[in-house]
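*Asks:* Before I ask anything, let me first share the structure, which is written out below as structure tokens.
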Amino acid sequence: PRAAPAPAPAAQATRPAPAPQDDDDDDDEEPDICRPRTAPVVDEDEKVPMKKQSGYQFHNATHRAAVKKEIEEANPDMPAKEKNALITKRLGDMWGRLDKAAQHRYKADAPYVVIKQKGPHKPEPPRLVDLPAGTHGKCKRCGEGVEERAVVVGSRRWKVKCFRESTSLEVGDGSHKCKVSGEMIESGAVCLAVKVKSATIYFEASKVAPFLRALLKPALPDALFGGFDALGGPEKRAFYALFPDVALPEQYKSKGQKAQAKTAKEFDFAAMVGRPRDTRYDIDDDDSEEDEEPVAPAPKKRRVIEDLEDDV
């Protein structure tokens, strides 16, 4: 039988050879928007803390420049504070109109950004300052010019009356930081809560005792700030202890302090100072009525040993 003819070699040659792959083609490919980005790989020595942006943050960063330009063209005379508020509101409205799929794409494409490191804590104790004549800034509570005496905390200023109205006494619960020490206020400690618009800053009372003493005159500690009546007995006594020149009122004393004061009133201890000690009831160890004079020991006698010889 005749063998089948072999296939023509030209048929194989007609197949086009695969085009060489260029290493740079991978950079031109569009990333998969549904695939979340991974954290960038960096050297251990150059490692910096990073976090992934949220979809909302990435959306706002992408469209903020265009929205800002549009608002500035429409409102050239608008103050900067109101302009920034309008930009934020416009971006929020744009984000709210997106469907879930579009929001997910922004979340997946959000890049990793470097976490800003906080610098060392800068203590900001409150100070009572006597200002020279003239106006020095605006009060944080009433917005009027501050003159003469003012309470200063960092760059903030209050009139003394406005600071007292903005401050209330609270009992620490371990969830707030002291503005002076930068540490968490211990639970049960008396602290000052100063309302500053929508925020509240806290001071541990024991850390600002000199300021409180300067601010006290001519008021009493219980009338210095609001919230004193809401404190417990131990907290009230601890707050009064910051003012050593002010006597603790009778209604704030504990039972032991009241009993001690009553005992001191019944017995005049001050008049007893300087009296000779009463020795009528002294007890001697040997139960003798009179103290005997010590007897000197008798001198020791020397023994003379003589050798006796027997007579023969």
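Every number in this text was worked out from the coordinates using simple rules, so none of it is lab data. Owing to the predicted nature of the structure, the values given are computational and were not obtained by experimental measurement. Reconstructed Cβ throughout: ideal geometry from the backbone, glycine too, with neighbour counts over all protein chains shown.
*Asks:* Which entries of LYS122/LYS195; LYS51/LYS138; LYS51/LYS177; LYS177/LYS262; LYS52/LYS100 show an alpha-carbon separation above 30 angstrom in the structure shown?
*Replies:* Values: LYS122/LYS195 20 Å; LYS51/LYS138 39 Å; LYS51/LYS177 25 Å; LYS177/LYS262 41 Å; LYS52/LYS100 19 Å.
Over 30 Å Cα-Cα: LYS51/LYS138; LYS177/LYS262.
*Asks:* Can you give me the distance in nm between label points at ALA80 and VAL113, each placed 7 Å from the Cα along the Cα-to-Cβ direction?
*Replies:* Between ALA80 and VAL113, the label points sit 2.0 nm apart.
*Asks:* Here is a further query. Under 1.5 on a/c is rounded, so check that first for segment 133-196, then, if it is not, pick prolate when a/b is larger than b/c and oblate when it is not; a ≥ b ≥ c are the square roots of the alpha carbon gyration tensor eigenvalues. Kindly include the intermediate steps, with their values, before the conclusion.
*Replies:* On the way: a/c = 3.33, a/b = 2.37, b/c = 1.41.
Prolate.
*Asks:* Okay, next question. What net charge is computed for the residues neighbouring ILE87, neighbours being all others with C-beta under 12 Å from the C-beta of ILE87, Lys and Arg scored +1, Asp and Glu -1?
*Replies:* Computed value for this residue: +3.
*Asks:* A further question follows. Quick one: net charge around PRO234, please, counting Lys, Arg +1 and Asp, Glu -1 for every other residue with C-beta under 14 Å from its C-beta. Present the calculation step by step, with values, prior to reporting the outcome.
*Replies:* Values: positive: LYS236, ARG237, LYS253, LYS255; negative: GLU186, GLU235.
Counting the neighbours of PRO234, the net charge comes to +2.
*Asks:* Using 28 Å as the Cα-Cα cut-off, could you pick out the over-long pairs in LYS236/LYS265; LYS83/LYS179; LYS83/LYS140?
*Replies:* Numbers: LYS236/LYS265 24 Å; LYS83/LYS179 31 Å; LYS83/LYS140 22 Å.
Beyond 28 Å: LYS83/LYS179.
*Asks:* Testing the spin-label approximation: label points 7 Å from Cα along Cα→Cβ at ARG105 and HIS136. State their distance in nm.
*Replies:* Computed distance between label sites ARG105 and HIS136 equals 5.8 nm.
*Asks:* All other residues with a Cβ under 15 Å from the Cβ of LYS177 taken together, and with Lys, Arg as +1 and Asp, Glu as -1, what is their net charge? Could you put the intermediate results ahead of the total?
*Replies:* Working: positive: LYS118, LYS122, LYS179, LYS207; negative: GLU124, GLU170, ASP173, GLU183, GLU186, GLU204.
Summing Lys/Arg as +1 and Asp/Glu as -1 gives -2.
*Asks:* Compute the Cα gyration tensor for segment 64-207, then decide on rounded, prolate or oblate, letting a ≥ b ≥ c be the square roots of its eigenvalues: rounded whenever a/c is under 1.5, prolate when a/b is larger than b/c in the other cases, and oblate in all that remain.
*Replies:* Cα axes put segment 64-207 in the oblate bin.
*Asks:* Can you compute 3J(HN,Hα) from phi for each residue in segment 110-125, using the Karplus curve 6.51 cos²θ - 1.76 cosθ + 1.60 with θ = phi - 60°, rounded to whole Hz and x for Gly and Pro?
*Replies:* 3J(HN,Hα) across segment 110-125, in whole Hz: 4, x, 8, 10, 6, 7, 6, 7, 6, x, x, 5, 9, x, 10, x.
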